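Readers should treat all values here as calculations from the given coordinates under stated rules, not as data from a laboratory. This structure is a prediction, so every number in the text was calculated from the model and none was measured. Heads up, the Cβs are rebuilt from the backbone with ideal geometry, glycines too, and the neighbour counts pull from every protein chain shown.
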Amino acid sequence: MRIEQLTCAIGAELTNVKLADAIHDDALFGEIRAALLAHRVLFLRDQDITRAEHVAFARRFGELEDHPVAGSDPEHPGLVRIYKNPDQPNDRYENAWHADATWRAAPQFGAVLRCVECPPVGGDTMWANMVLAYDRLPENVKEQIAELRARHSIEASFGAAMPIEKRLALKAQFPDAEHPVVRTHPETGEKVLFVSAFTTHFTNYHTPERVRFGQDANPGAGQLLAYLVSQAYIPEFQVRWRWKKNSIAIWDNRSTQHYAVMDYPPCHRKMERAGIIGDVPF
């Protein structure tokens, strides 16, 4: 297996390897997992694997989870089908910087995403290194956010366009989760900036140290959250991947965010993702 780093900040392409072999080869899988921790997102071309092999490889990292809104393959639970077509002009959930399922109490560990069909041009996906995003923050901002916690909501994202009854039922099933604004990576010990498009507000901002009068809370908290969310937008923290059929991306959802560029209508784009159950951020 060869590992070629793609940017100074994040991402590497693996060549001379078949993911199907790593299902049963412990040494090979160990190399892939180590590369994932080092580079945060891995890319492979020409991986003509079956859905069963896709699921089996992803399960080597941990158990898989379904998505309450996106549909899964009926024969392979945990393999979420992200199929876009010209009949979905208002489907806009992907094109925002986010880490997957942070609205869960235990967001995803990561995911294995395979391209089934893509347009000839467009439909790229970008990833951002949120460890680097935290490291490069000004020291006074790091001090300000060290103890902050924030809410992450499926209701305010996937549920927003639903009829009110369906939206409230979704929130009842998945109440807003609360996570630290700066989480610690459970394997590397790195500090990670952990706010994104799913984050609605801080839960412990309104303290005497930050708020002189109640009036201070609204602009202060909102502007700080917007500033933190915008750190993923910085090109120096990013890698951009151009999809081809049977290309695969594997990413660490704990230390990255991603953005699926929706610049390809009226073309089709069909992706299949195996999301791996994660742990509670601390």
Seminar exercise, completed: The ³J(HN,Hα) series, computed from each phi in region 25-38 with the Karplus coefficients 6.51, -1.76 and 1.60 at θ = phi - 60°, rounded to the nearest Hz and given as x for glycine or proline, is 9, 5, 5, 5, 4, x, 5, 5, 5, 5, 5, 5, 5, 6
For this session: Would you compute, for the Cα atoms of the chain, the largest minus smallest coordinate along each principal axis and list the three values in descending order, in whole Å?
Result: 60, 42, 33
Exercise. How many angstrom lie between the C-alpha centres of region 171-190 and region 95-157?
Worked result: 11 Å
Exercise. Of the residues Phe202, Phe109, Phe158, which exhibits the maximal mean-square fluctuation in a Gaussian network model of the chain defined by a 10 Å Cα contact cut-off?
Worked result: Phe158
Problem set entry | Mean residue ellipticity (222 nm) of the chain, computed from DSSP H runs ≥ 4 via -39,500 (n - 2.57), nearest 500 | -6500 deg cm²/dmol
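Counting other beta carbons within 10 Å of each Cβ, put Glu236, Glu31, Glu155, Glu165 in order, fewest first. Numbers along the way, then the final one.
Details: Glu236 13, Glu31 16, Glu155 20, Glu165 8.
If I rank by nearby Cβ atoms, fewest first, I get Glu165, Glu236, Glu31, Glu155.
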For this session: At q = 0.12, 0.21 Å⁻¹, work out log10 I(q)/I(0) for region 82-187 with the Debye formula, treating every Cα as an identical point scatterer and leaving solvent out; two decimals please.
Result: -0.60, -1.29
Exercise. Taking the chain as a Gaussian network, where each spring joins two C-alpha atoms under 10 Å apart, which residue of Ala96, Ala12, Ala160 fluctuates the most?
Worked result: Ala160
